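The values are calculated or read from the model by the stated rules, or taken from the named source; none is laboratory data. In this text, all values refer to a predicted model and were calculated from it rather than measured experimentally. Using ideal geometry, Cβ is built from the backbone for each residue, glycine included, and neighbour counts are taken over all protein chains shown. Ligands, DNA and RNA are stripped out before the accessible areas are found, and what is left, the full protein with its side chains, is counted by its heavy atoms. Shrake-Rupley method; radii C 1.70, N 1.55, O 1.52, S 1.80 Å.
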Amino acid sequence: MPAPIHLRINDETHEVRCDPDTPLLTVLRNTLRLDAARLGCGLEQCGACKVLIDGEAVPSCMLRVEAAADRSITTLEGLTDDGSLHPIQQAFLDEQAAQCGFCTAGMIIAIKALLDRVPHPSDAQIREALQVHVCRCGIHHRILKAVRRAAEAMAR
Amino acid sequence: MTRVLPVMPGPDGTFLVYMNKIEIGQGVQTAIAQIAAEELNASFDRIRVVAPDTSMSLEGASTTGSNSIQGLGRIIRQAAADLRHHLLNVVAEAAKVPVEDLALDDGVILLPGGGSRRVEEVWSNDMVDTVERDVGQPKPSSAYTIVGSSVPRTDLPGKVAEGGHFIQDLRRDDMLHGRVIRPPTYDATLKSFDPPDVDGVRVIRDGSFLGLVGEDEQLVERVATEVAVTATWDVRTRFPEFDHLYDHLLSQPDEAFLVVDGKPGDDPVPEIAEPEDAVKTIRATFKRPYQMHGALAPSASMAVFENDELTVWSHSQGVFSLRGALAQVLDLDPDAVRVIHAESSGCYGHNGADDVSLDAALLARAAPGRPVLVKWSREDEHRWEPYGSCAVLKLQGSVDRSGTVIDWNHDVWSYTHSSRPRSGGDTSSLLAARYLEHPVPPPVPRPGKGSHSGIHRNADPLYAFSRRRVVKHFVRDSPLRVSALRGLGAFANVFAIESFMDELALAADIDAVDFRVRHLEDDRAVAVLRTVAEHAGWGTPLPSDEGRGIGFAQYKNEKAYVAVCAHVKVERDTGRIRLLKMTIAGDVGQVINPDGVKNQLEGGVIQAASWTLWEEVTFNEHRITSVDWETYPVLRFEDVPEVETVLIDRPGLPSLGCGEATQGPTPAAIANAVYDAVGVRLRQIPFTPERVRSAIENAS
């Protein structure tokens, strides 16, 4: 029986027992049923699996769950506060910044990491923060608008 | 089989709409719900759409061809009007009042004198068989309050806040995870492998089909990787040389068809003959590589065999076609197979969705009673999905003294553009079928003869030329697996046509927009061109190395009209093309949801820009080498242009499908803008920095 791994996710503590090499993404989805973080490539090339770890947006598809132990993890599910949407989530709805929505969770996480660190990012900073994120539907320009809208809302 | 109507009352004051089209991010669920709400005079919140399910849905075409609003939209509009008619007549008869004095209003039938009946008091499900069809009168567009407005997408609130919603999120008690170990390349036979000796993972083998199932996904994946390393295969596939792809295509035998009014016929194909009154005649050759759907989510499916029935959850674009195709390979009665749609990411055509369903069914058959969820890897999807076909196009055209096109020749060589699953016969396009102990081989491709389909989609231009000769050259044997990719032949054909129109305009010394307008007899086509030119600042000066270019098409010459203007900057030293702004003008007839239409037109432009600047499937002697996002680069955030879309509103005119309408005009708009910027003609997609630098060097 593997030793327990303590995970702090969305301000809740979880104790999981699994192969310590298991990717964090697999544990989030299969063990904890937090499936907003998605598998797009398993190679850290597309951003769909990103979660916040100590405030930084990090891919979870190759990160060993043991390496995520005892750190503060936030997933998309943790952004909603008592049913009320985070300004970034609201901005995505206001701009209708999604088509299929598969890339959405990873993008919102990356945007949160950016705006928490840089409240008034330049266009170049926004593009750089999202550079790894693949969207095949072509929603990119709406996402840029959503980020600007969210930045404004968060500054208020 | 549950008896349902396309639109019928549901529980708690709702109305159910049974879809036979799937949501793939194009917003069809929202738009169809708007149509139903409009005809029922119901608030939008009352509508519940039900995803396609072969045990319940109206059997119908797949979600293809930009047909959802025109096809299902029309059915739902009429079915909702029929339901309204039925409900009012039932109440009229019971209350003995003229039906004209009644009104259906937000789930309630209003009686003259102030009384009312709720729909659920009036309706019972056995009325499914008695609702008269085609008698309800759909509303005139002048009365629309919901159709024509940008109702927000119903599925987005869930997608921005939580998990679930996608097929990869399905969970069942007793579920197994499945993985298939695929051969290194297409034509291969499994010789041997080391069976794993691991508790909790079971091997399932049928000929060269090799799979694993187990409860622990991580364990199944690890063991699959280990077993794959030990597997040995007899490999027979030899691909042509990547650098000689187009030579190979042109060297193969082809069947040539003269295309007239968009349809290939049996008339003999005439020779090209340069007319005597030609003042200028030009020729150009264009090339389009194999390109990928490259869905962000690798395909997935879940299947379970219970009580001699197979249930499959799939993101296939055609649940009924898939049901038949699965039944055929598994030797089941189609009535014993149920396919339920579950959403995956955007697919942009026929990708791995159907293949992975056969994988899941084969594994589930070996583990009866246990649902099996199979998820392809990124590499599986990149290697095995059927690609968009490569093509070579040769155009020749002549203008006379007045600058009018007096001769137009378009020859397009390509492979089939569709190998969607069907049932029947001795063949199957489902991937695993050809690897079984008793293999079911893939079908031999045949030339499509429909109007504006496949290779010749949009090959017949909308322009009024006095003489045209459009020829489709069907080449049967594609070295790479191919099927329908958004727009099909329209991407290559319109790229060539619209690039060539610019070349002819230059030869005639006429402005590119004016040149097109002179050859158009369709006012709506002219309107999108003039609108995009105006909004893009056509004709206003630009700094050096910046340029503007136009592309126009009416998809299939009968659906949405679109004009795209690209504003680009070319970096001479690197060869990078920077997209500064894309302006789009669209006319889709009666708009159901303006924001939804814009999203589709814009998404198509961005995607087509990625195809144009970045995308080509690569391969070596034996294997596909485009296996991930590094080996198949795509457009990223740093490349994204500003986008502006203008919709020309045509209330009351038939709605026209728009989901694929911008694919064709976009590459030409970019190519034409590059010419305007630096004076070089790009005729081979993708316009890589190397090709651009090389073209600039050759020009100077």
Checking residue B:629 against (1) modelled with pLDDT of 95 or more; (2) over 19 Å from residue B:575 (Cα atoms); (3) open to solvent by 20 Å² or more (accessible area, probe 1.4 Å), only one condition comes out false. Which one?
(3)
Evaluate the following for residue B:426: is it over 22 Å from residue B:351 (Cβ atoms), surrounded by fewer than 19 Cβ atoms within 10 Å (Cβ to Cβ), acidic (Asp, Glu) and without any contact (Cβ under 8 Å) to a residue 24 or more places away in the chain?
yes
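Scan the stretch B:612-620 and tell me whether some residue there is part of a helix (DSSP H, G or I) and either buried (at least 22 other Cβ atoms within 10 Å of the Cβ) or at pLDDT below 95 (or both). Can you show your working first?
To start, the set of residues in the stretch B:612-620 that are part of a helix (DSSP H, G or I) comprises B:612-613.
From the residues that got through so far, the ones that are either buried (at least 22 other Cβ atoms within 10 Å of the Cβ) or at pLDDT below 95 (or both) too are B:612-613.
Yes, because at least one residue in the stretch B:612-620 is part of a helix (DSSP H, G or I) and either buried (at least 22 other Cβ atoms within 10 Å of the Cβ) or at pLDDT below 95 (or both).
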Looking across the stretch B:326-348 at residues that are within 30 Å of residue A:138 (Cβ to Cβ) and among the hydrophobic types (A, V, I, L, M, F, W, C), the single one that is nearest to the other protein chains (Cβ to nearest Cβ) is B:347
Is there a residue being closer than 21 Å to residue B:378 by Cα, in a loop (DSSP other than H, G, I, E, B) and among the acidic types (Asp, Glu) anywhere in the stretch B:629-648?
yes
Flag if residue B:431 is surrounded by 22 or more Cβ atoms within 10 Å (Cβ to Cβ), in contact with an Asp or Glu (Cβ under 7 Å, 6 or more places away or on another chain), of a type outside the set (D, E, K, R) and under 30 Å from residue B:244 (Cα atoms)
yes
Single match in B:361, B:366 (criterion: surrounded by fewer than 21 Cβ atoms within 10 Å (Cβ to Cβ) and among the hydrophobic types (A, V, I, L, M, F, W, C)):
B:366
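Limited to the stretch B:448-471, what total is found for residues that are of a type in the set (D, E, K, R) and crowded, with 22+ Cβ neighbours inside 10 Å? Explain how you work it out, then say what you get.
At the first step, the residues of the stretch B:448-471 found to be of a type in the set (D, E, K, R) are B:449, B:457, B:460, B:467-469.
Filter once more, keeping what is crowded, with 22+ Cβ neighbours inside 10 Å: B:457, B:460.
Residues meeting the conditions: 2.
Return the total of residues in the stretch B:50-71 being in contact (Cβ under 8 Å) with a residue 60 or more places away in the chain and outside any loop (DSSP other than H, G, I, E, B). It would help to see each step written out before you state the result.
Taking the stretch B:50-71 as the starting set, the residues that turn out to be in contact (Cβ under 8 Å) with a residue 60 or more places away in the chain are B:51-55, B:57, B:59-70.
Pick out the ones that are also outside any loop (DSSP other than H, G, I, E, B) and you get B:53, B:68-70.
The number of residues fulfilling the criteria is 4.
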Would you check if there is a residue in the stretch A:23-41 being over 22 Å from residue B:175 (Cβ atoms), hydrophobic (A, V, I, L, M, F, W, C) and within 12 Å of another protein chain (Cβ to nearest Cβ)?
yes
What's the number of the condition residue A:96 fails, among (1) facing chain B (nearest Cβ under 7 Å); (2) under 15 Å from the mean Cα position of the chain (by Cα); (3) touching a residue at least 24 places away in the same chain (Cβ under 8 Å)?
(2)
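Please verify whether residue B:113 is within 28 Å of residue B:296 (Cα to Cα) and modelled with pLDDT under 95, treating the condition exactly as stated. Spell out the reasoning first.
On the way: within 28 Å of residue B:296 (Cα to Cα): no; modelled with pLDDT under 95: yes.
Taking the combined requirement at face value, the residue does not satisfy it.
Please work out if residue B:440 is at pLDDT 95 or above and over 30 Å from residue B:60 (Cα atoms). Lay out the reasoning, then the answer.
Details: at pLDDT 95 or above: yes; over 30 Å from residue B:60 (Cα atoms): no.
No; evaluated as a whole, the condition is false for this residue.
Please report, ordered by residue number, the strands (runs of 3 or more DSSP E) entirely within the stretch B:76-191 with at least 2 residues that are open to solvent by 40 Å² or more (accessible area, probe 1.4 Å) and over 30 Å from residue B:353 (Cβ atoms). Before you say what the answer is, go through the steps one by one.
On the way: elements: B:103-105, B:108-110, B:116-118, B:176-181.
Strands (runs of 3 or more DSSP E) meeting the threshold: B:103-105, B:116-118.
It is to be established whether one or more residues within the stretch B:668-680 are touching a Cys at 6+ places or on another chain (Cβ under 7 Å) and under 24 Å from residue B:284 (Cβ atoms). Step through it out loud before you land on a result.
Of the residues in the stretch B:668-680, the ones touching a Cys at 6+ places or on another chain (Cβ under 7 Å) are B:669.
Restricting the remaining residues to those that are under 24 Å from residue B:284 (Cβ atoms) gives B:669.
There is at least one residue in the stretch B:668-680 that is touching a Cys at 6+ places or on another chain (Cβ under 7 Å) and under 24 Å from residue B:284 (Cβ atoms).
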Just need a number here: residues in the stretch B:442-465 that are among the β-branched types (Val, Ile, Thr) and in a loop (DSSP other than H, G, I, E, B).
1
